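The block underneath contains the structure these notes are about, expressed in structure tokens.
Taken together, the values in this text are just the output of simple stated rules run on the coordinates, not laboratory data. Just so it is clear, the structure is predicted and the values come from calculations on it, not from any experiment. Quick reminder, even Gly has a Cβ in these numbers, built from the backbone with ideal geometry, and neighbours come from all protein chains shown.
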């Protein structure tokens, strides 16, 4: 089938040929930037299509020969989703990297799968608009749609599920569909099936996303960030609940436990108190920010919050949030040479303190390294398991730990996509 694939595009390469076995490009395509599978599972062939027509033609060939298809964006996922466990053809979509349509008055944009979050916001910098969903890594936007990515801004702006208006998808047999109808980008529709939300989060199992139409937002007039420490997990979560109940339109509210704060301090040469900590950010006009900050300060102080560290200018805010986004690498630095495996737990807010406390007790009892960070505003936290993959006893203890997590009530457990930490 190689000649057939090459009849569509010249960008077709057999991975296992002697020419490419040492290529730096192939490891990027054949394995994620995280630890999930004990070994790499490369595809048989990698193709780099440049248009939806090429994707469709290549998919038809794969369908005819019963070849597995593995979509690939930027490889920032941590769960091994790009591993070709049965070989097949990897569709690397990085060459399809155009921002196609920006509708400023309608607050939406259409992009191809090679466009990343940072690239889009750079493209939009003179429009007064931005795309706020921020999973941490500079992931491809179509990949974020495929994995239903979330991030630190989800408490205010929602996840990818709330921000995707339409998708162009190539099905396994090469058929091209538009989930909301060709060219449609309305905010609301009650006609027909909700195919868009069927494909958001489908992880490449239903088709290859070749275009996505996204909601945009006005860039806030002002932003203020803060860090606040608490004597306990309960106090930090109580503050979160009360801030949300008070109607404060907070943009970000992130939790780091004492182990994670210690790791971030070491990794970024910081000096935050080693205690349960909230990272917060507020967006709005200067006047509205004053009210938001005042209300939040009162609530956090009533819950024994202390050591407030405010950041108003862009550079200081960038340093503050860099520490938060570096949580994965800070955790890895606790045990050089080891690998990381992350859980993604979501519970009702009222259950969050209990499950975090029980999780930390379980980690200590089983001699495991697992700093905790999470999007506490929606009851979501990550336990980043740092382990030696060559120590079978430790690997077994980690597996048993995640199984115990999965048996807790009132929550679902998944694995993070696009480094949504």
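Observations, loosely collected:
- Acute angle (nearest 10 degrees) that the helix 52-64 long axis makes with the longest principal axis of the chain, alpha-carbon atoms: 70 degrees
- The stretch 99-218: translational diffusion in µm²/s, Stokes-Einstein, Kirkwood Rh over Cα pairs, 20 °C, 1.002 mPa s: 151 µm²/s
- Simple spin-label estimate for residue 119 and residue 232 in nanometres, 7 Å along Cα-Cβ: 4.9 nm
- Order by protection proxy (mean Cβ within 10 Å, highest first), peptides 343-352, 155-164, 274-283: 274-283, 155-164, 343-352
- To the nearest ten degrees, helix 286-302 and the longest principal axis of the Cα atoms of the chain are 60 degrees apart.
- Cα-projected label distance for residue 138 with residue 333, points at 7 Å along beta-carbon direction, nm: 2.0 nm
- Per-peptide packing, taken as the mean over residues of other Cβ atoms within 10 Å, places 91-102, 290-301 in the sequence 91-102, 290-301 from highest down.
- Sorted peptide list for 180-189, 79-88, 203-212, criterion being average Cβ within 10 angstrom, highest first: 203-212, 79-88, 180-189
- As a calculated quantity, the FRET efficiency between residue 203 and residue 364 at R0 = 30 Å, using C-beta atoms, amounts to about 0.35.
- Matching label, Rg/Rh (Cα atoms, Kirkwood Rh) computed from the structure shown, candidates (1) 0.96; (2) 0.98; (3) 1.39: (2)
- Residue list for the stretch 242-268, given a label point 7 angstrom along the Cα-to-Cβ vector of residue 298 and an amide N cut-off under 13 Å: 243, 246-248
- Helix 258-268 and the long axis of the chain differ in direction by around 70°, with both axes built from C-alpha atoms.
- For the chain, the relative contact order is 15 percent, taking Cα pairs closer than 8 Å that sit 6 or more residues apart in sequence and dividing their mean separation by the residue count.
- Efficiency of FRET from Cβ geometry, residue 219 and residue 175, R₀ 51 Å, rounded to 0.05: 0.85
- Model label sites at residue 265 and residue 98, defined 7 Å from Cα along the beta-carbon direction, differ in position by 5.2 nm.
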